[in-house]
Amino acid sequence: MAKLKEKLAQKIPQLRDEIKGFVKEHANKVISEVSVAQAYGGMRGVKALVCDTSVVPPDKGLIIRGTPIGELKDQLPEAVFYLLVTGEMPDNEALEDLKMDLKSRSKVPDYVWKTLEAMPKDSHPMVMFSLGILAMEKESVFKKKYNEGMKKIEYWDSTLEDCLNLIAKLPTLAAGIYRMRFNKGPRIEPDPNLDWAGDYARMLGLDDSTGEFANLIRLYMVLHTDHEGGNVSAHTCHCVGSALSDAYYAVSAGLNGLAGPLHGLANQMCLRWAIMVKDKFGGVPTEDQLRQFAWDTLKSGQVIPGYGHAVLRVTDPRFTAFHEFGSRVCAEDDLFQIVAKVFKIIPDVLREHGKAKDPWPNVDAASGCLLYHFGLTEFEYYTVLFGVSRALGMCSQLIVSRALGEAIERPKSVTTEWMKQAVAKG
Ligand code: HAX
């Protein structure tokens, strides 16, 4: 048995008993209330979901299974995936085992390429990515076993199989989409000797004589994996998965949420905004010019992409990691300098504007200019990179949910009339 599966088989029964006992003992303890503003305001702050893979304290940012993301930035994404699912870092043997396991599953079926080739040439890469995943749903081991009458306590095993099959194929699929969609020439086949993210970088086919582009993709894949359970992509995946839809349905659904401009698409928007700045001022603007440009954006009713967050109230540590990478690798790059200057100016502008609760940069504020620096200039593609990484978190959450035998989601909705009556009653 593969090491990851072995570890889970050892941990899950105990975890299941622990949670079962905990819920039984404290079933009626109230942990959160819901105000009218929260019900109409995206349920912000309502504690009604459980997610053990990661937490995002507003004053600290992402912590994966107890470890701040800043301390994981030099790890491989495979190791972070193992940590997300099991709660422990893999030792060398378990990491090598997982890397080889993923390599052995990386071939994307031919019918997926045929499906994608039949799509309109101007389809958004996120549509192609989500559809490519959905097209593979027929491969689901969970669905097959479910139809054969599998027991509930076995759900996690075949979900793990689906997730490993899916994760292994994502770099091949996503790189193939890049080359197809942006006319980059034939697809590049996976290399069995490379790590998951390093191979993804190679299959994109960009020049990488220094190896720093591969390092950037490894970092990118680590930083975007997970962001607790309530964000749109994670929550959508969880919700769809709670109906026992398999990982292909659930991850594809989560990615459709990631494709929104207020979520993962913000990285594409961010770079577009930085390029607009560069074009308007013919290079790096002065601080005054940048401040004015930001105000013009706000006055035209648009948001400053890459700034603000639903939960965070500090500079996103994932932004800091990208900023450090850029300072080391491409400090002289115009777009990086604009992004660095934006970081100096925008928090004050947003504070003065007075609307955003969080005036600080989020993960999307710096990643685009780094990709651009290495020649990945097609920013419509950036959310796909985010999606490849976020699939690690979505899959981890799905495996844990199945392990715990979580219930189908079905919160109660009420009408505005009901709200009015409830408020009138006091
Ligand atoms: N620029 C201008 N106005 C902003 C703003 C920004 N960067 N961030 C928030 N605001 C505004 C909101 O639009 C809202 O205005 P209204 O009252 O007129 O609706 C007000 O400030 C209060 O919003 P908030 O409570 O601070 O923020 P929300 O929790 O509602 O939304 C968002 C969080 C991330 C969606 C928001 O900050 C935003 O739109 N940011 C820009 C887009 C962005 O960077 N998104 C990526 C977020 C990270 C992520 O999920 N990546 O995938």
Exercise. Which ranges mark the helices (runs of 4 or more DSSP H) fully within the range 130-244 that have 2 or more residues being under 25 Å from Phe379 (Cβ atoms), under 23 Å from the mean Cα position of the chain (by Cα) and modelled with pLDDT under 95?
Worked result: none
For this session: Please give the number of the condition Ala340 fails out of (1) surrounded by 19 or more Cβ atoms within 10 Å (Cβ to Cβ); (2) assigned to a helix (DSSP H, G or I); (3) hydrophobic (A, V, I, L, M, F, W, C); (4) away from the ligand (no atom under 16 Å from the Cβ).
Result: (1)
Problem set entry | Cross-chain or 6+ apart pairs with Cβ under 7 Å, the range 366-385 first and under 11 Å from Phe322 (Cα atoms), then part of a helix (DSSP H, G or I) and of a type in the set (Val, Ile, Thr) | Ala366/Val339; Cys369/Val339
Exercise. Can you find a residue in the range 246-256 that is more than 16 Å from the ligand (Cβ to nearest atom), closer than 17 Å to Cys395 by Cβ and in a loop (DSSP other than H, G, I, E, B)?
Worked result: yes
Exercise. When only residues in the range 18-62 that are under 20 Å from the mean Cα position of the chain (by Cα) and under 24 Å from Gly405 (Cβ atoms) count, which is nearest to the ligand (Cβ to nearest atom)?
Worked result: Ser54
Exercise. Tell me, which residue of the range 325-337 that is assigned to a helix (DSSP H, G or I) and of a type in the set (Gly, Ala, Ser) is nearest to Ala274 (Cα to Cα)?
Worked result: Gly326
Problem set entry | Every residue from the range 347-358 that is more than 8 Å from the ligand (Cβ to nearest atom) and crowded, with 21+ Cβ neighbours inside 10 Å | Val349
For this session: Output yes when any residue across the range 72-87 is within 30 Å of Lys420 (Cβ to Cβ), part of a helix (DSSP H, G or I) and modelled with pLDDT of 95 or more, and no when none is.
Result: no
For this session: Within the range 276-291, identify whether any single residue is in a helix (DSSP H, G or I) and surrounded by 20 or more Cβ atoms within 10 Å (Cβ to Cβ), and answer yes or no.
Result: yes
Seminar exercise, completed: Of (1) within 15 Å of the ligand (Cβ to nearest atom); (2) part of a loop (DSSP other than H, G, I, E, B), Phe322 satisfies every one except (2)
Problem set entry | In the range 398-426, the residues that are surrounded by 10 or more Cβ atoms within 10 Å (Cβ to Cβ) and of a type in the set (A, V, I, L, M, F, W, C) | Leu398, Ile399, Val400, Ala403, Leu404, Val414, Trp418, Met419, Ala422
Problem set entry | Qualifying residue in the range 312-330 (condition: modelled with pLDDT under 95, of a type in the set (Gly, Ala, Ser) and closer than 22 Å to Glu378 by Cβ) | no
For this session: Test each condition in (1) closer than 20 Å to Pro305 by Cα; (2) within 13 Å of the ligand (Cβ to nearest atom); (3) of a type in the set (Asp, Glu) for Glu228 and report the one that comes out false.
Result: (1)
Problem set entry | Candidate set: the range 359-382, residues that are in a helix (DSSP H, G or I) and near the ligand (Cβ under 9 Å from one of its atoms); chosen: the one surrounded by the most Cβ atoms within 10 Å (Cβ to Cβ) | Ala365
Seminar exercise, completed: Within the range 257-267, restricting to residues that are of a type outside the set (A, V, I, L, M) and surrounded by fewer than 24 Cβ atoms within 10 Å (Cβ to Cβ), the one that is nearest to the ligand (Cβ to nearest atom) is His263
Exercise. Does the range 220-236 hold any residues that are aliphatic (A, V, I, L, M) and closer than 16 Å to Leu83 by Cα, and which are they?
Worked result: Met221, Val222, Leu223
Exercise. On the given criteria, is Ala39 at negative phi and either without any contact (Cβ under 8 Å) to a residue 40 or more places away in the chain or of a type in the set (Asp, Glu) (or both)?
Worked result: no
For this session: Look through Met394, Met419 and report the one residue that is in contact (Cβ under 8 Å) with a residue 12 or more places away in the chain and within 16 Å of the ligand (Cβ to nearest atom).
Result: Met394
Problem set entry | Those residues of the range 168-191 which are aromatic (Phe, Trp, Tyr) and touching a Leu at 6+ places or on another chain (Cβ under 8 Å), in sequence order | Tyr178
For this session: Take the range 278-311 and flag every residue that is within 12 Å of the ligand (Cβ to nearest atom) and among the aromatic types (Phe, Trp, Tyr).
Result: Trp295, Tyr307
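The values are calculated or read from the model by the stated rules, or taken from the named source; none is laboratory data. All values derive from a computational prediction rather than experimental measurement. No Cβ is skipped: glycine too gets one built from the backbone with ideal geometry, and neighbour counts run over all protein chains shown.
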